1. How long, wide and thick is chain B, going by the Cα atoms along their three principal axes, in whole angstroms, largest first?
2. Tell me, what HN-Hα J-couplings in whole Hz come from the Karplus equation 6.51 cos²θ - 1.76 cosθ + 1.60 at θ = phi - 60° for each residue of segment A:81-93, using x for Gly and Pro?
3. Computed from the mean reciprocal separation of all distinct C-alpha pairs, what Kirkwood hydrodynamic radius does chain A have, in Å?
4. Using unit Cβ charges (K, R positive; D, E negative) and no other charged atoms, how large, in debye to the nearest 20, is the dipole of chain A about its Cα centre?
5. Quick one: Debye curve from the alpha-carbon atoms of segment A:48-114 only, equal weights, vacuum; give me log10 I(q)/I(0) at q = 0.15, 0.16, 0.22, 0.25 Å⁻¹ to two decimals.
6. What number do you get for the protein assembly as shown when its Cα radius of gyration is normalised by 2.2 N^0.38 Å, N = residues?
7. Taking amide H positions as placed in the peptide plane 1.01 Å from N, state which residues far from residue A:87 in sequence (5 or more) or on other chains have amide H under 5 Å from it.
8. Taking the Cβ of residue B:111 as the center, what net charge do the other residues with Cβ under 13 Å away carry, scoring Lys and Arg +1 and Asp and Glu -1?
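Throughout, read-outs are computed from the coordinates displayed, never taken from laboratory work. In this text, all values refer to a predicted model and were calculated from it rather than measured experimentally. Reconstructed Cβ throughout: ideal geometry from the backbone, glycine too, with neighbour counts over all protein chains shown.
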Amino acid sequence: AQSVTQPDIHITVSEGASLELRCNYSYGATPYLFWYVQSPGQGLQLLLKYFSGDTLVQGIKGFEAEFKRSQSSFNLRKPSVHWSDAAEYFCAVGTMNRDDKIIFGKGTRLHILP
Amino acid sequence: DTGVSQDPRHKITKRGQNVTFRCDPISEHNRLYWYRQTLGQGPEFLTYFQNEAQLEKSRLLSDRFSAERPKGSFSTLEIQRTEQGDSAMYLCAITLGAGEINYGYTFGSGTRLTVV
């Protein structure tokens, strides 16, 4: 079965600084990988996803993520964060059987310093 | 509008009472999922439906929980004899569409349950 680890529970960065949120997955074959964002009081919104092809994927709100098979990682990055990026971020993994459920990590809460 | 409507948004109930939540996708999707999210955690899978058939249930879904999707459109999740540990956000999700490029979920805003 697939699993996801997000090593950082909280991350604090200054507004305008770069951001990297870590995600490691466990799955025996090529995974489908997702990043979701959940702002306070809001639902989960899909930021980006990887399923094949270019290992650097672009998402909404200026986010990108890079799939590194050798490291079983799918880290989320943004070159310059804005105060509105403060939220909880979830990495998730699905399997090649697209009927299978998607498994979520425990999340990383991002705090932005003014 | 996420394409998935959940009702109610909030529910406060006394321990031991039964509660029922509803999930309404705005268009037909053959797969519908229920997840539970507790404070500080990611969404945890509960169960899913393909059309009206319930295909998988997590061990998190005790016998006090039951889910239905009678006509393959809306779904309900019922919790009987609620316990304080049931307090959580209950999320409904549908697949984005057919084909690999659409793989993924769109979530409803959830029903927040508080058991007092």
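1. So the extents along the principal axes, rounded to whole Å, are 43, 26, 23.
2. Taking θ as phi minus 60°, the curve returns 8, 10, 4, 6, 7, 4, 5, 9, 10, 10, 8, 9, 10 Hz for segment A:81-93.
3. Numbers: mean 1/r = 0.0708 Å⁻¹.
With all distinct Cα pairs of chain A included, I get 14.1 Å.
4. 160 debye
5. Cα-only, vacuum Debye calculation for segment A:48-114: -0.56, -0.63, -1.09, -1.28.
6. Values: Rg = 17.7 Å, N = 230, 2.2 N^0.38 = 17.4 Å.
Relative to the rule-of-thumb radius for its length, the protein assembly as shown sits at 1.02.
7. Under 5 Å from the amide H of residue A:87 lie the amide H atoms of A:110, each far enough along the sequence or on another chain.
8. Values: positive: B:9, B:11, B:22, B:36, B:112; negative: B:7, B:24, B:78, B:86.
Spelling it out: positives minus negatives among the neighbours equals +1.
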